[in-house]
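Colleague: Here it is: the structure, laid out below.
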């Protein structure tokens, strides 16, 4: 009855900073080549020292703060949901909370009444908004179809444009890894050997013909 925008899922990679243990990290850093024997750095060039620094810290970060996959879903609110809807929803939730606490018929009636008023308000807001949107198209077919997609609750194609090359790269890598994992226990197919005609013999047949 009240179409909602489709949820958009964003996947990102972040380091698990909450797993930080400063004492353990400081201990491993002190035992690394960066801090164990500084005399070894005397004969190293600037490029070698930078490479050593990057290598050691990258290994320590991978050990103590590995990357984790974080999924965040953005649920877009219905465009017709305004201040009147929020106020009506607060009143409905307040009466519901009161009824859930007391479980009395005297408190159930106000909750049912507010819930009915809320549904009627949603219906009016929904219809008036989309009627105004259709009227605003003014014969523009493309804009009208975009509006109809919104009425049907379908996701817009614009969302696909937000995907980056890295997103596609991660998707296909995960897909390949999942296929490999699912077929890891499958025995290899034994391709039978077939005799093939010699090229020279084919030339002789061609000359005879």
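A quick yes/no check of all residues on (1) at pLDDT below 75; (2) touching a helix residue (DSSP H, G or I) at 6+ places or on another chain (Cβ under 7 Å):
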| position | (1), (2) |
| --- | --- |
| 2 | yes, yes |
| 5 | yes, no |
| 8 | yes, yes |
| 16 | yes, no |
| 26 | no, no |
| 35 | no, yes |
| 38 | yes, no |
| 42 | no, no |
| 49 | no, yes |
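Colleague: Also: Of all residues in segment 37-54, which are part of a loop (DSSP other than H, G, I, E, B) and surrounded by 11 or more Cβ atoms within 10 Å (Cβ to Cβ)? Write out each step before concluding.
Modeller: Initially, segment 37-54 is screened for residues part of a loop (DSSP other than H, G, I, E, B), giving 37, 42-45.
Selection gives 44 alone.
Colleague: Looking at 165, 184, 160, 155, can you tell me which residue is modelled with pLDDT under 80, surrounded by 13 or more Cβ atoms within 10 Å (Cβ to Cβ) and under 30 Å from residue 69 (Cα atoms)? Quick ask: steps written out before the conclusion?
Modeller: Working: 165 fails: surrounded by 13 or more Cβ atoms within 10 Å (Cβ to Cβ); 184 fails: surrounded by 13 or more Cβ atoms within 10 Å (Cβ to Cβ); 160 fails: surrounded by 13 or more Cβ atoms within 10 Å (Cβ to Cβ).
Within the list 165, 184, 160, 155, the selection yields 155.
Colleague: Another one. Please specify each residue of segment 90-123 satisfying the condition of being closer than 24 Å to residue 152 by Cβ and within 34 Å of the chain's Cα centre (by Cα).
Modeller: Residues satisfying the conditions are 118, 119, 121, 122, 123.
Colleague: Being closer than 21 Å to residue 118 by Cα, surrounded by 11 or more Cβ atoms within 10 Å (Cβ to Cβ) and modelled with pLDDT of 80 or more is the requirement here; does residue 84 meet it?
Modeller: yes
Quick grid of which residues meet (1) at pLDDT 90 or above; (2) assigned by TED's automatic domain parsing to the domain that holds residue 23; (3) part of a helix (DSSP H, G or I); (4) closer than 30 Å to residue 25 by Cβ:
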residue	(1), (2), (3), (4)
56	no, yes, yes, yes
60	no, yes, yes, yes
76	no, no, no, no
91	yes, no, yes, no
96	yes, no, yes, no
99	yes, no, yes, no
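Colleague: Taking only segment 114-132 into account, find how many residues are at pLDDT 90 or above and in contact with a helix residue (DSSP H, G or I) (Cβ under 8 Å, 6 or more places away or on another chain).
Modeller: Of the residues in that region, 7 qualify.
The values are calculated or read from the model by the stated rules, or taken from the named source; none is laboratory data. Since this is a predicted model, take the numbers as computed values, not measurements. Positions of Cβ are generated from backbone atoms using ideal geometry, with glycine treated the same way; all protein chains shown enter the neighbour counts.
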